[in-house]
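Here's the structure, in structure tokens; my notes come after.
The values are calculated or read from the model by the stated rules, or taken from the named source; none is laboratory data. Since the structure is predicted, the reported quantities are computational estimates derived from the model, not experimental observations. FYI the Cβ positions are ideal-geometry reconstructions off the backbone, even for glycines, and counts take in every protein chain you see.
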Amino acid sequence: MAEFVKDVMTPGVVAVRPDASIVEAAQLMRAQNIGDVVVADGQRIVGVLTDRDITVRAVAEGADPLGVSVGSVCTPDPLTLAPDDPVSAAVALMREHAIRRVPVVEGGLPVGVVTLGDLAEARDPGSALADISRAEPDVGGVAGHEPPKADEGI
């Protein structure tokens, strides 16, 4: 069983500037097949932006996605973990704060992200959450349904 955060985290970090538009962030998420990005001002993490943040804090409010900055809708000052922290610390942090993703920082620099799915895969590989976390994304639309053709509309 994995003992340390470094054993379960997803290595590498995709980052955006706080002044980037949420459209830029969403396009980056799509290109990288991820659901979150770290918001960094230079080498310092200042927030975490998720696909849900974009949806709930901007799109659902009717905001123009090109005019909304990442910094205005991200979760600021995120909690972080170190690679050598025990996995149990990640579990406790996520439970206590009801969060699903935590940046992993070493020497002040982001080196990865540990997610609820990462923990599920490490602790209970046969669980539904672990299965979902390992699954390839459905880029064609809702499972069992064909996406609308360009001339059909939604």
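Only one of the listed residues (Leu119, Leu109) is surrounded by 17 or more Cβ atoms within 10 Å (Cβ to Cβ), more than 11 Å from the chain's Cα centre (by Cα), farther than 21 Å from Asp53 by Cα and at pLDDT below 95. That residue is Leu119.
All conditions in (1) in a helix (DSSP H, G or I); (2) modelled with pLDDT under 95 hold for Gly126, with the sole exception of (1). Of everything in segment 15-59, what is within 27 Å of Ser88 (Cβ to Cβ), modelled with pLDDT under 95 and among the aliphatic types (A, V, I, L, M)? Give them in sequence order. Selection gives Ile34, Ile45. Screening the candidates Thr80, Thr55 for the property of being free of Cβ contacts under 8 Å to residues at least 60 places away in the same chain, in contact with a strand residue (DSSP E or B) (Cβ under 6 Å, 6 or more places away or on another chain) and of a type in the set (Val, Ile, Thr) yields one hit, Thr80.
One residue stands out among those in segment 1-39 that are without any contact (Cβ under 8 Å) to a residue 24 or more places away in the chain and assigned to a helix (DSSP H, G or I): the one that is surrounded by the most Cβ atoms within 10 Å (Cβ to Cβ), which is Met29.
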